[in-house]
1. Once the other residues with Cβ under 10 Å from the Cβ of Arg67 are scored (Lys, Arg +1; Asp, Glu -1), what is the net sum?
2. Calculate, for Ala107 and Ile66, the FRET efficiency according to 1/(1 + (r/R0)^6) with r their C-beta to C-beta distance and R0 30 Å; round to the nearest 0.05.
3. So, R0 is 25 Å and r is the distance between the beta-carbons of Cys33 and Val77; what FRET efficiency does that work out to, to 0.05?
4. What's the Cα-based Rg to Rh of the chain, Rh via Kirkwood?
5. If one takes the longest principal axis of the Cα atoms in the chain, at what angle in degrees, from 0 to 90 and to the nearest 10, does the Cα axis of helix 42-65 lie?
6. Quick one: go through the range 26-41 and flag any residue whose amide nitrogen is under 14 Å from the point 7 Å out along the Cα-to-Cβ line of Asn176.
7. If you fit an axis through the alpha-carbon atoms of helix 2-16 and take the longest principal axis of the Cα set of the chain, what angle between them do you get, 0 to 90°, nearest 10?
8. Between Phe97 and Thr9, what is the FRET efficiency for a Förster distance of 35 Å, r being their Cβ-Cβ separation, to the nearest 0.05?
Amino acid sequence: MKLIRLKYTKWFAISKDGLLKNNPIFVMVLGICSALAVTNRVENAIAMGLGVTFVVMASSMSTSLIRKFIPPKVRMVTYMVLISTFVIAVDLFLQAFFPSISRALGAYVGLIITNCIVMGRAEAFAVKNPVRFTLIDALTNGLGYTYVLVAVAAVREILAFGTLLNMRVMPAEWINWVVMAMAPGGFFVLGIYIWLMRVVTNTYEE
């Protein structure tokens, strides 16, 4: 009973880290390039978030499974090969089933390979922990990244296009904020979110 309680405590701690305490964007400020580039529409943000979540889960799980067989000198190369494999799978999936989203995301799907969140979870957690904990860590970090992208995209799409998930939500006379369709608008919205998050959680850099 005590062992089960300890496992649930660790799972909860890992989940809290990924979603809130060490959120990839709000706290560690990783994955900013894609957060600014693909969040002009909510559908793009969802696709990118789910793609990164899948890649980080699959690559972290693979790393955890073979962690005892990875020579220290080639661990980075190993991570890159694993990550690249799953990124290609995501890219092909989007091209086959969601071509419009694939075109909208463009090169940023391929750039998941260089996303610090994916590489960081493999190096910081997956290579040191068993699969059952690694999957929780990867899932919560992926979801933590996803909900930030969606939150930013919701504000940007409404202000930039007057729509939400391509459905009109603002009156016809609404004047679109062009800046919100551009990266500077994303930077502004993300900065406000990070500030609010740190005020609410009372976490500041020393």
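Bear in mind that the values in this text are calculations on the coordinates, not laboratory data. If you're wondering where the values come from, they're calculated on a predicted model, not measured in any experiment. Cβ placement follows ideal geometry from the backbone for every residue including glycine, while neighbour counts extend to all protein chains displayed.
1. +3
2. 0.55
3. 0.65
4. On the Cα set of the chain, Rg over Rh gives 1.02.
5. Helix 42-65 and the main axis of the chain meet at about 10 degrees.
6. Output list for this probe position: 40-41.
7. Approximately 30 degrees, to the nearest ten.
8. The computed FRET efficiency comes out at 0.35.
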